1. Rounded to the nearest 0.05, what FRET efficiency do Ile268 and Ala308 give with R0 = 30 Å and r taken as the Cβ-Cβ distance? Could you check?
2. Quick one: which residues, 5 or more positions from Ala24 or on another chain, have an amide H under 5 Å from its amide H? H modelled 1.01 Å from N in the peptide plane, none for Pro or chain starts.
3. Gly89's amide H: which non-local residues (gap 5+, or another chain) put their own amide H closer than 5 Å, with H modeled 1.01 Å from N in plane and none for Pro or chain starts?
4. What are the ³J(HN,Hα) couplings of the range 66-76, residue after residue, when phi is run through the Karplus curve with 6.51, -1.76, 1.60 and θ = phi - 60°? Round to Hz, x for glycine and proline.
5. Which of Ala226, Ala154, Ala105 ends up with the largest GNM mean-square fluctuation for the chain, with Cα atoms connected below 10 Å?
6. Based on the mean of other Cβ atoms within 10 Å per residue, sort peptides 130-139, 243-252 so the most packed one is first.
7. Shape verdict for the range 231-320, please, from the Cα gyration tensor: rounded (a/c under 1.5), prolate (a/b greater than b/c) or oblate.
8. As a footprinting exposure proxy, order Thr290, Thr122 by other Cβ within 10 Å, with the fewest listed first.
Amino acid sequence: MTRVLGPDQVAEAVSILRAGGLVAFPTETVYGLGADASNDDAIARVYEAKGRPTGHPLIVHLADAKQLSVWSVTTDERVSRLAQEFWPGPLTLIVPRSNRVSLLATGGRETVGLRVPNHDLTRSLLDQFGGGVVGPSANRFGHVSPTTAAHVLADLDGRIDAVLDGGPAEVGIESTIVEIVGDGPVVLLRPGAIAVDQLERVLGEVLSDGRSGDSRAAGMLTSHYAPASPVRVIESLVDLDRGAKTALIIGRDSELADMDGWHQENVIWTEQLPADAAGFARGLYAALRTGDSHNPSEILVLPPTSGAMLDAVLDRLAKASAIG
Ligand code: TXA
Ligand code: MG
């Protein structure tokens, strides 16, 4: 059984981490699966609990930006500028690792992903723990990331020691990831709530898009972030299939009124999410999980068309709908 810890039980979560145990923790993006980043046995348990291949590197979560120099040997001024501007927040920086970082955490890479999450409970957890905490999203490998403690339990109950319940995640999808290694441009590996133009404004330079070509962040080309039922992104309700038992997620205003009779018969579940991409992102993963629980022949998604997080939302939908 996995224990559910409340806001007044942070000290117990710290003890579990110190003993090499696994504690899922809330962040503003999604819940992470935490373990002591300085304990290889604990890190190995994270891969095991998730069913994640060990070549997929883990993000190390830190209490504050001052810890950067402990976990990375970078001297790149762009790194400190981004950390200062966006931490705590939904931005992960991939930088050259220091000796403090285990190669087990980085999947053998010489770089490490670092992030200071913006969630009061977890900041106090990291503060009291004192060290780094590895934290992949707290779901089974390839599945939808959890945005509540209940989602964590649905995937990992009995496989981890505890989950610290910090309520539903504010942002709802994973952090923006950029890589800053060497003298080249800053490379975007995963879009998120921190938008490219915000990063470019602070850096005074243009980002390079690392999403095409070889996939350095997991799940870029193959199916990932996916429920069990196939997901299909549609452009309008006209694209609904006759006969399919459909779960429908709508990210626009007033589309439901346009559904005619046979459409309604085949739609076994519908959720209308906010038309703005940020509001849609906040509800998306919970909607995918609930839609999935109805065992539809497919989950159709009519995405939002505007908002600063549109790029990030479309990225996650593309991954959720990728085959294989
Ligand atoms: O919002 C988030 O980033 C959440 C919360 C818990 O912080 N974490 C998260 O972790 O999404 P995960 O492991 O599910 O996704 C991290 C991504 C993976 O695709 C991984 O391959 C990539 O970051 N990554 C981590 N370290 C890397 C490295 N050194 N080089 C390239 N990619 C890296
Ligand atoms: Mg993940």
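Please treat every number below as a calculation from the coordinates, not as lab data. Nothing here was measured: the structure is a model prediction, and the numbers come from that model. Note: ideal-geometry Cβ built from the backbone for every residue, glycine included; neighbour counts use all protein chains shown.
1. Computed FRET efficiency for Ile268 and Ala308: 0.35.
2. Amide H neighbours of Ala24: Gly34, Ala162, Val163, Leu164.
3. Val116, Asn118
4. 4, 6, 3, 6, 6, 9, 9, 9, 4, 10, 5
5. So, out of Ala226, Ala154, Ala105, the one fluctuating most is Ala154.
6. Ranking the peptides 130-139, 243-252 by packing returns 130-139, 243-252.
7. Here the range 231-320 falls in the prolate category.
8. The fewest-first ordering by Cβ neighbours comes to Thr290, Thr122.
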